[in-house]
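Just so you know, all these numbers are worked out from the coordinates, no wet-lab data involved. Quick caveat, the model's predicted, so the values are computed rather than measured. Quick reminder, even Gly has a Cβ in these numbers, built from the backbone with ideal geometry, and neighbours come from all protein chains shown.
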Amino acid sequence: MKMDFELQQKIHRLYAKYASTLDDGPLQDWPKLFVEESLYLLIPRDNYDENLPMAIMRCESRGMLEDRVAAVQNTIMHEPRYLRHHITNIDAQLTDQGVVTATANYSVIEVVEGDLPKILSVGRYIDKIVMVDHALKFVEKKVIYDSVLVPNTIVYPI
Amino acid sequence: MKMDFELQQKIHRLYAKYASTLDDGPLQDWPKLFVEESLYLLIPRDNYDENLPMAIMRCESRGMLEDRVAAVQNTIMHEPRYLRHHITNIDAQLTDQGVVTATANYSVIEVVEGDLPKILSVGRYIDKIVMVDHALKFVEKKVIYDSVLVPNTIVYPI
Amino acid sequence: MKMDFELQQKIHRLYAKYASTLDDGPLQDWPKLFVEESLYLLIPRDNYDENLPMAIMRCESRGMLEDRVAAVQNTIMHEPRYLRHHITNIDAQLTDQGVVTATANYSVIEVVEGDLPKILSVGRYIDKIVMVDHALKFVEKKVIYDSVLVPNTIVYPI
């Protein structure tokens with residue numbers, strides 16, 4: 001792999017797909033953007049900055065992400081709301097090992113019936129991406145969220 | 001046309017121009033980003049998801065967009081406010097017919113005097129873009145908005 | 001210089017770095033993204049639109065930006081909060097003189113303990129960028145902010 005226009009475009013598409021599966025569905029396609037043996041961590045920024053490894057959510061395989069999707073699909077029924085991701089400032093680098101390391105900022109805007117949109121979560125992604133069968137997939141995704149409130153919607157992927 | 005760096009850059013510029021004409025003006029330049037026989041639809045997400053074709057706004061030509069601009073310019077006088085678009089997660093594909101199909105997420109932040117900025121609208125674009133006289137223009141633009149509130153500012157293009 | 005994929009990628013990286021030094025630190029690296037003799041202006045949109053040159057903050061050298069960082073670092077201690085920049089709709093052009101002119105929209109989301117994230121500032125950048133020792137740096141940055149409220153946090157770079 002070489003960091004050229006084609007690869008950059010694939011990386012941006014991966015992030016666009018990441019957002020669209022979470023925002024517009026189908027949510028079952030979200031885990032497919034990860035390799036089998038992947039690591040997904042949701043870490044408060046306070047912890048991350050102080051080098052505390054504790055994540056408030058840790059999924060160590062695609063199977064665990066699929067479980068999470070199932071949990072959301074059972075929960076989400078009861079309280080309808082829409083989410084919208086903005087993923088910006090994507091900065092991807094190709095390492096000598098053929099792994100893409102990427103950082104990006106994100107925000108998730110929530111829309112609940114009868115209310116103005118509000119920012120549910122904001123923070124950054126620190127990711128590792130690999131090429132598997134001609135498709136890019138996440139092998140590691142750290143979601144470092146700035147928010148100090150733990151919203152009751154944390155079950156939902158970010 | 002080939003989806004190469006040049007074309008991708010032109011697509012991103014079209015979206016940047018789309019935002020800047022709406023945010024910073026001149027608003028009269030906004031309809032010029034569409035071809036004569038274009039379709040602009042503003043559709044609530046609820047309707048779109050359930051395959052209901054009903055749009056709350058439907059403009060079937062550039063002339064209708066120009067009418068809309070005229071309406072805004074007469075209305076906007078009375079209540080000063082600023083808008084700011086963020087268009088992210090742009091994902092463009094080139095079809096065999098030479099049409100670019102593109103999706104993107106958007107948010108519109110409104111600033112009214114004496115108040116903190118707030119999110120006026122959030123959602124996604126589903127667009128078709130063609131090359132006319134060496135310039136890219138929208139031939140179809142669907143604005144699918146997540147917000148369930150219909151704000152009183154809906155006359156303003158999004 | 002030629003506006004090709006390599007240059008575009010460097011420009012996007014400069015903006016990603018700009019955001020990350022402000023959001024995640026180290027803040028001391030922020031002035032390093034400017035050339036020695038650079039101009040940084042913070043201008044209310046009202047003034048800018050009416051061609052009033054008055055900026056509410058004017059830094060005419062990298063040294064002045066460093067002073068500002070020092071001021072922030074002394075102030076920020078007392079009131080912890082997190083910032084997150086989204087820089088979108090980046091539109092860069094290469095001039096005949098080898099200077100890159102670029103515009104972009106930005107928003108800054110603030111997170112304070114125990115509160116939902118809120119939009120602190122929103123507006124646009126109008127920038128000039130040059131290549132110095134194989135690195136891109138800002139030679140001029142105008143921050144045109146839409147917000148009409150002057151927040152008490154204006155000391156913080158945007």
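Extension gain, residue A:50-residue A:28: 0.36 nm per intervening residue step, less the Cα-Cα distance, totals 4.5 nm.
In segment C:1-89, inverting the average of 1/r over every pair of distinct C-alpha atoms gives 15.1 Å as the Kirkwood radius.
Annotation: average projected area of segment A:26-158 is 8.9 square nanometres, based on the convex hull of Cα atoms across all directions.
Here the convex hull built on the C-alpha positions of the protein assembly as shown has a volume of 159 cubic angstrom per residue.
Of all DSSP bridge pairs formed entirely within the protein assembly as shown, close to 85 percent run antiparallel. Where does the longest stretch of chain A lie that holds no GluC sites (Glu not before Pro) found in a DSSP loop with 14 or fewer other Cβ atoms within 10 Å? Segment A:61-112 is the longest. Once both axes come from the Cα atoms, what is the angle between helix B:5-23 and the longest principal axis of chain B, in degrees from 0 to 90, rounded to 10? Once rounded, the angle reads 20 degrees.
How many lysine pairs does segment A:2-128 hold where the Cα atoms are under 22 Å apart and the two sit 8 or more places apart or on different chains?
8
Per residue of peptide C:46-55, the mean number of Cβ atoms on other chains within 10 Å of the residue Cβ is 1. Each other copy holds its own label point for residue A:4; taking that point as 7 Å from Cα along Cα to Cβ, the gaps run 1.1, 1.2 nm, nearest first. Remark: mean inter-chain Cβ contacts per residue of A:93-102 equal 0, using a 10 Å Cβ-Cβ cutoff to other protein chain atoms.
Measuring nothing but alpha carbons in segment B:67-119 and taking Rh as the Kirkwood radius, the Rg to Rh ratio lands at 1.18.
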